[in-house]
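Notes for the one structure printed next.
The values are calculated or read from the model by the stated rules, or taken from the named source; none is laboratory data. In this text the structure is predicted, and so the values were computed from the model without any measurement. Every residue, glycine among them, receives a Cβ derived from its backbone with ideal geometry; neighbour counts consider all protein chains shown. Each accessible area value is taken on the protein alone, full model and side chains, heavy atoms only, with ligands, DNA and RNA left out. Shrake-Rupley method; radii C 1.70, N 1.55, O 1.52, S 1.80 Å.
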Amino acid sequence: MRWRSFFLGLARRRLGAVVLLAALLSGCGGGGERGEISVGVAVSSHGPSAAVRDDVIRGVETAVAEVNAAGGIKARNLKVVVEEFGSDTDAGVKAVHRLIDDQRAALIVNGTRSDVFANWAEYARSKDVVVINAAASSPLVSRLGGTVYTVAVAHADLGDELAKWALESGHRKLVLLLPSGQLGSELQRGAAERARRMGGRVAETIFYEPGHPDYRDEVSRLVSGSPEAILAALDGADGRRLFEQAASVGVSGPWYLAYPSQLEATDPSSADGRVFGIEVAYTQQAAEKFRASYAARYENALPGPWAAYSFDGTWMVAYAMRRVGTEASKMAQVFARGGKGYAGATGILTFDNYGHRTPSPLERMMVTGGGKLVPFGK
């Protein structure tokens with residue numbers, strides 16, 4: 001297996017150059033030297049981050065189930081502890097206090113938006129708790145450093161790549177159709193900056209509120225913008241409704257989507273030749289294995305990108321725990337900054353000096369052959 005050979009290779013490298021360092025998680029009991037090791041998950045129950053809630057929790061649960069089935073961490077099982085709260089920063093800090101002070105979590109996985117996360121991450125760093133950020137990606141979190149590691153690809157980078165692709169294809173006038181909240185605003189920022197640099201134009205940005213039963217107003221604005229290409233994020237029932245209502249009034253695309261695997265069209269073939277998009281290492285074997293494991297656990301559900309990010313982050317730390325344990329005299333870096341990457345379901349993970357993920361393998365995909373998502377150009 002790729003992961004096994006990777007970690008066998010680590011034993012031959014000097015400690016300062018390996019991805020996983022020998023002093024992980026010092027000061028964190030994780031439930032004590034015996035018994036279960038707590039893995040905390042911090043998520044928002046409502047607000048802009050609620051859409052990624054299930055993704056993050058399920059990604060962690062899938063990884064934990066695999067780790068435990070494979071023998072755990074030196075015969076100790078991992079235990080998932082979820083702290084769910086609203087969208088305000090104070091509630092997030094209190095929730096993380098409970099994970100660290102009461103549950104003695106050895107790891108916390110973040111599924112909250114950037115401003116909430118940046119606030120509570122400071123407390124986690126002060127307690128030498130390793131944090132895997134699987135959701136927040138605004139500039140607020142790009143320089144946290146310390147024991148905080150962001151595994152999610154920055155949404156602005158994804159918006160940049162989508163706009164670059166559309167402009168390279170000859171489409172100069174773009175309209176953006178994005179969910180309100182962090183994801184939409186960051187995609188918009190990246191796409192608008194790329195369009196400006198390449199001489200294109202974002203004619204209009206339409207933010208829609210998730211959970212609405214009807215999006216005729218948004219679709220009307222989309223039509224009036226007369227786009228040469230549409231850049232969008234369409235997820236679940238909301239995405240299906242927007243895509244199909246747009247088609248019903250003659251909007252034929254092309255659509256360039258962030259994570260096109262999340263589009264749930266009633267007739268998948270209706271997206272053939274019209275939908276393109278960016279995924280993160282979607283076609284590699286590790287990604288396919290993860291999706292199969294997730295579907296088996298959650299009744300054929302399709303995992304979103306945040307599930308894959310949280311899965312990778314949890315496994316990444318679990319491998320380190322297996323190597324060095326959860327107790328050490330001093331907290332050290334989880335990964336060598338700028339060192340050799342870790343291969344996971346979302347591709348190679350490497351980090352800059354602030355623990356922020358450096359560019360990940362971004363794959364251009366398209367829908368064809370009766371609704372199948374395949375690599376672009378194949």
> If Lys and Arg each add +1 and Asp and Glu each add -1, what is the summed charge of the other residues whose beta carbon sits under 12 Å from the beta carbon of A318?
Replying inline: +2
> Packing-wise, with mean Cβ within 10 Å as the measure, how do 301-311, 275-285 rank, highest first?
Replying inline: 301-311, 275-285
> What does the charge add up to near A51, with Lys and Arg as +1, Asp and Glu as -1, over the other residues with Cβ less than 11 Å from its Cβ?
Replying inline: -2
> Around E168, with a cut-off of 14 angstrom between Cβ atoms, what is the net charge of the other residues, counting Lys and Arg +1 and Asp and Glu -1?
Replying inline: +2
> If the chain between S252 and A69 were fully stretched, how many nm would it gain, using 0.36 nm times the residue separation less the Cα-Cα distance?
Replying inline: 61.2 nm
>> Please list I348, I57 from largest to smallest accessible area, probe radius 1.4 Å, with all protein chains kept in place.
In response: I348, I57
> Stretched out fully, how many nm does the piece from D352 to M198 gain, at 0.36 nm a residue minus the Cα gap?
Replying inline: 52.7 nm
>> Suppose R0 equals 35 Å. What FRET efficiency, 1/(1 + (r/R0)^6) with r the Cβ-Cβ distance, do A301 and F207 give to the nearest 0.05?
In response: 0.85
> What order do you get for 66-76, 107-117, 93-103, 251-261 when each peptide is scored by the mean count of other beta carbon atoms within 10 Å, highest first?
Replying inline: 107-117, 251-261, 93-103, 66-76
>> What figure, in Å² to the nearest 10, do you get for the accessible area of H46 with a 1.4 Å probe and non-protein molecules left out?
In response: 100 Å²
> Leaving out ligands, DNA and RNA but keeping every protein chain, what accessible area does E84 have, in Å² rounded to the nearest 10, with a 1.4 Å probe?
Replying inline: 80 Å²
>> Please enumerate, by chain and number, the aspartates and glutamates with C-alpha under 18 Å from the C-alpha of K94, excluding those fewer than 8 residues away in the same chain.
In response: E83, E84, D102, D115, E122, D128
> Carbon-plus-sulfur fraction of the accessible area of segment 187-307, 1.4 Å probe, in percent?
Replying inline: 46 percent
> Accessible surface of R274 in the full protein assembly, 1.4 angstrom probe, to the nearest 10 Å²?
Replying inline: 40 Å²
